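Participant: Below are the structure tokens for one structure; questions will follow.
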Amino acid sequence: MEISHLQIIRTLVTDPHLSRAALRLHMTQSALSKRLKAIEEEIGCMLFERRGPRGLKALPQASELAALAERVSTTWESGVKRIRSGAAEPKHFLLVGPQLFLREAVLPWWNSVASDFKGIELEVRVSPLSKISVETLQAGADAAILEHQEELPDYVCRPIYTEHWGVVRNPKERRSRLQDYEWGAPTLGDNPVEQWLVRRNKMPPPPQYRFIWNDLTALARWISETRGAASVLPWHAVAQAVDLGKVTYEPLSAVTDTKLFLAFQKNTLHKKLIRSLTESLEEFESSGAPSK
């Protein structure tokens, strides 16, 4: 399978509409359809369900292949940039991690220190995986923010942040029972509402979800604008909205706290950059934990 084939799968999983995907890939719709059929024949299984005018529907194996394609693409592009810049003077730094944390914690750090690292190109990528693993790091990233600690001889895996979770609600309508709220979730699968409320028997029966969006910022905004809306979200996703009185936040127990770790190679050539990032993330940790 060629690199271009992996790009086709990634594009179609993101937007399974043949005509739009063909435009993005600079191909005709007919050529893209034929290429997809050839890919499926090479792999030996169907990746997309054909639904006529409604376009395609990605099957689970297509999503799995898209995640693999993301890691392969990361390895390839990072490797090419390393070859171009030279290993002795790294000019490119690739960091992979969860979307919201990258935006809320990493972006402010880079805005404040970019002038200290002139000549270095920072690339930040949101991992397509729900649980970022050290495999992401081994695939070519210079550093990764992990949601669980890894113990490998060639890597440092340092705790950088403790995430506090809580029940977030619209303040304009307080309902007596948790199950009476309009619930939102980032996914219908293993989401925080199911994990920390339903499974702990605090909210029987399971809620009917009214809003499913794989973006915690979108969920927080929906809650702030919808009477009777609620979800379970991390503190740093709603801290500003709480300060403005747009939502309320009720911390869950310490059992729900989750840790994030910064992982990087022990022999990294970006020691100064890693040190600066670590110090900034430690400050982020101490600046905004919610009151219990």
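The values are calculated or read from the model by the stated rules, or taken from the named source; none is laboratory data. Computed from a predicted structure; not experimentally measured. Here Cβ is always computed from backbone atoms with ideal geometry, including for glycine, and neighbour counts include all displayed protein chains.
A quick yes/no check of all residues on (1) in a loop (DSSP other than H, G, I, E, B); (2) more than 24 Å from T258 (Cα to Cα):
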residue: R174; (1), (2): yes, yes
residue: W183; (1), (2): no, no
residue: L197; (1), (2): no, no
residue: N201; (1), (2): yes, no
residue: P205; (1), (2): yes, yes
residue: A218; (1), (2): no, no
residue: I223; (1), (2): no, no
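Participant: Pairs, please: C-beta under 6 Å, at least 6 apart or cross-chain, first residue of a type in the set (V, I, T) and in region 43-61, second assigned to a loop (DSSP other than H, G, I, E, B)?
Facilitator: none
Participant: So, in region 43-68, of the ones that are at pLDDT below 80, among the small types (G, A, S) and out of contact with any helix residue (DSSP H, G or I) (no Cβ under 7 Å at 6 or more places or on another chain), which residue ends up nearest to H5 (Cα to Cα)?
Facilitator: A67
Participant: Something else now. Given the structure, is V198 buried (at least 16 other Cβ atoms within 10 Å of the Cβ), over 30 Å from E151 (Cβ atoms), modelled with pLDDT under 95 and outside the structural domain of A114 (by TED's automatic domain parsing)?
Facilitator: yes
Participant: Take E89 and decide whether it is at pLDDT 65 or above and surrounded by fewer than 17 Cβ atoms within 10 Å (Cβ to Cβ).
Facilitator: no
Participant: Being at pLDDT 90 or above and either under 29 Å from V167 (Cβ atoms) or within 23 Å of the chain's Cα centre (by Cα) (or both) is the filter here, so list the residues in region 262-285 that pass it.
Facilitator: Once the filter is applied, which keeps residues that are at pLDDT 90 or above and either under 29 Å from V167 (Cβ atoms) or within 23 Å of the chain's Cα centre (by Cα) (or both), region 262-285 yields L262, A263, F264, L273, I274, S276, L277, T278, E279, S280.
Participant: Name the residue that is nearest to C157 (Cα to Cα), counting only residues in region 255-282 that are touching a Phe, Trp or Tyr at 6+ places or on another chain (Cβ under 7 Å) and small (G, A, S).
Facilitator: Among them, the one singled out is A263.
Participant: Hey, can you tell me all the residues within region 176-195 that are touching a strand residue (DSSP E or B) at 6+ places or on another chain (Cβ under 9 Å) and exposed (fewer than 13 other Cβ atoms within 10 Å of the Cβ)?
Facilitator: Listed by number, the list holds a single entry, L188.
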